[in-house]
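The values are calculated or read from the model by the stated rules, or taken from the named source; none is laboratory data. All figures in this text were calculated on a predicted structure; none of them were measured in a lab. Reconstructed Cβ throughout: ideal geometry from the backbone, glycine too, with neighbour counts over all protein chains shown.
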Amino acid sequence: MPAAFPSALLGAGRPLALRGAGHSCDGQTVANGELLITYAPDTAAPQMRDLGDGLIEVPAGMSWYGLERYLDRRNRAVLVLPNYLHMSVGGTLSVGGAGIDSVRSGMQIDHVERIQLIDGTGTSRWCSRTDHPELFRFALGGLGTVGLIERAVLRTVPSCRDTHVHRADHATLAELAEHTERIAQRDDIDIYCASLRQGRLSSTTGWRGNGLRRCRDASCTIMSDLPFVGEYHTESIAARFSDQVRLWTDYVMPAGQFAPMLGAVETLLDRAPLKDVHVMLYILIVRRSPDASSFAFAPVGTAPVSIGLGLYTWIDYEPAVISATRHVFRDLLERCCELGGRPYLYGVNDLDGSLAERLYGTDLNRLAQLRSAHQLEHVNAHLPLARAAEQI
């Protein structure tokens with residue numbers, strides 16, 4: 001793909017939708033009468049650049065799987081990977097990015113040194129915490145509303161092959177919530193996730209490193225190359241429910257507020273429509289450094305430690321059930337806001353102007369100004385976030 005191609009498209013003024021791997025859950029990457037700009041991961045690998053000092057320049061169309069394989073051969077790794085590696089780097093950075101490593105290392109966007117961003121005039125500029133810092137702050141986690149991320153410079157670390165993984169089962173959601181809050185208070189954990197899957201409540205806690213120091217009981221397993229282990233499981237879940245509507249969403253709230261949020265979900269699990277559909281819960285902890293940037297629309301707020309709760313449903317093509325489920329999601333989003341949390345914007349969120357203003361305050365008005373100043377009104381205009389900004 002010629003380097004000038006995306007710049008020419010964005011500068012043409014025609015209505016555009018931007019898409020990475022198309023992994024979003026509420027039509028964010030679907031074009032309706034618009035031109036769709038999408039990445040081509042297979043062409044991305046030759047465009048990698050090792051900048052030294054642990055920095056790697058990555059084309060935004062690169063998949064995390066391809067990037068991790070590239071780094072693995074060089075004994076390097078990124079600090080945070082998503083649980084599904086076949087998403088694009090640019091697409092994931094445009095929503096934030098979290099994974100099992102977030103319990104120690106925060107969001108993926110916390111480890112971005114700079115990005116190359118194309119605006120609505122076709123102008124390409126490098127943005128960082130010091131160069132065009134406002135665009136940097138709005139682009140990462142901003143759903144492509146301030147331009148197309150073309151390239152990103154990421155910080156990497158020496159890779160560690162082994163992870164000491166401890167798994168535990170939990171009798172109730174309340175017990176799991178208490179356990180998760182305890183883990184969130186610790187700063188010595190390297191990986192954490194928990195889930196409700198097929199009726200089983202479980203959590204996974206882990207430490208990176210070699211040797212048997214932490215693996216002295218039957219609940220512990222030493223796993224090598226952990227990022228690649230879950231790939232097959234993730235793909236098998238997608239194949240199993242390929243003929244159903246996938247309504248997924250995630251809520252992120254400050255640590256200390258997780259139990260009431262999980263309690264709200266638990267109340268709904270035994271009621272229609274959730275009791276009649278396949279439901280999975282997924283839980284992550286996000287610990288950010290004190291000097292982490294404040295991104296305008298990222299799912300984490302100002303709390304140093306947050307807990308994410310994913311609610312994933314697979315539903316038959318029944319309009320009444322789909323509509324009822326979306327109403328449940330709206331009620332849960334309201335509850336998340338009451339608890340000081342935010343939604344993860346790749347998912348299903350009924351984000352009208354009033355709710356968006358409560359969540360994002362003056363940043364929503366500034367988004368409208370930036371979209372106007374950089375002639376982006378034709379880019380991702382279908383997104384609820386962009387529409388909410390226009391209403392301010």
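Here is how the numbers come out for the structure above:
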{"read-out": "Entirely in the stretch 352-392, the helices (runs of 4 or more DSSP H) that have 2 or more residues that are within 16 Å of V146 (Cβ to Cβ), touching a His at 6+ places or on another chain (Cβ under 6 Å) and outside the structural domain of L339 (by TED's automatic domain parsing)", "value": "none"}
{"read-out": "Selection within the stretch 365-392 - within 15 Å of T123 (Cβ to Cβ) and either buried (at least 16 other Cβ atoms within 10 Å of the Cβ) or touching a residue at least 24 places away in the same chain (Cβ under 8 Å) (or both)", "value": "L370, R371, H374, Q375, L376, H378, V379"}
{"read-out": "The listed residue being closer than 27 Å to T249 by Cβ and in contact (Cβ under 8 Å) with a residue 60 or more places away in the chain, out of L93, L71, L79", "value": "L79"}
{"read-out": "Any hit, the stretch 342-352, residues being surrounded by fewer than 16 Cβ atoms within 10 Å (Cβ to Cβ) and among the polar types (S, T, N, Q)", "value": "no"}
{"read-out": "Lone unmet requirement of (1) within 30 Å of D225 (Cβ to Cβ); (2) at pLDDT 95 or above; (3) not assigned by TED's automatic domain parsing to the domain that holds Q47 for R167", "value": "(2)"}
{"read-out": "Within the stretch 312-364, considering residues that are of a type in the set (G, A, S) and touching a residue at least 12 places away in the same chain (Cβ under 8 Å), the one nearest to Y282 (Cα to Cα)", "value": "G347"}
{"read-out": "Residue match in the stretch 76-83 (condition: surrounded by fewer than 22 Cβ atoms within 10 Å (Cβ to Cβ), in a strand (DSSP E or B) and at pLDDT 90 or above)", "value": "yes"}
{"read-out": "Subset of the stretch 148-164 [hydrophobic (A, V, I, L, M, F, W, C) and under 23 Å from the mean Cα position of the chain (by Cα)]", "value": "L148, I149, A152, V153, L154, V157"}
{"read-out": "Test for H170: is it more than 22 Å from the chain's Cα centre (by Cα), surrounded by 18 or more Cβ atoms within 10 Å (Cβ to Cβ) and closer than 20 Å to D187 by Cα", "value": "no"}
{"read-out": "Cβ pairs under 6 Å, 6+ apart, first in the stretch 118-144 and more than 17 Å from A8 (Cβ to Cβ), second of a type in the set (S, T, Y)", "value": "F136/S128; L143/S94; G144/S94"}
{"read-out": "D119 touching a His at 6+ places or on another chain (Cβ under 7 Å), within 22 Å of A298 (Cα to Cα) and acidic (D, E)", "value": "yes"}
{"read-out": "In the stretch 32-69, the residues that are of a type in the set (A, V, I, L, M, F, W, C), at pLDDT 70 or above and surrounded by 14 or more Cβ atoms within 10 Å (Cβ to Cβ)", "value": "M48, L55, I56, V58, A60, M62, W64, L67"}
{"read-out": "Filter result (surrounded by 18 or more Cβ atoms within 10 Å (Cβ to Cβ) and at pLDDT 95 or above) within the stretch 154-164", "value": "L154, T156"}
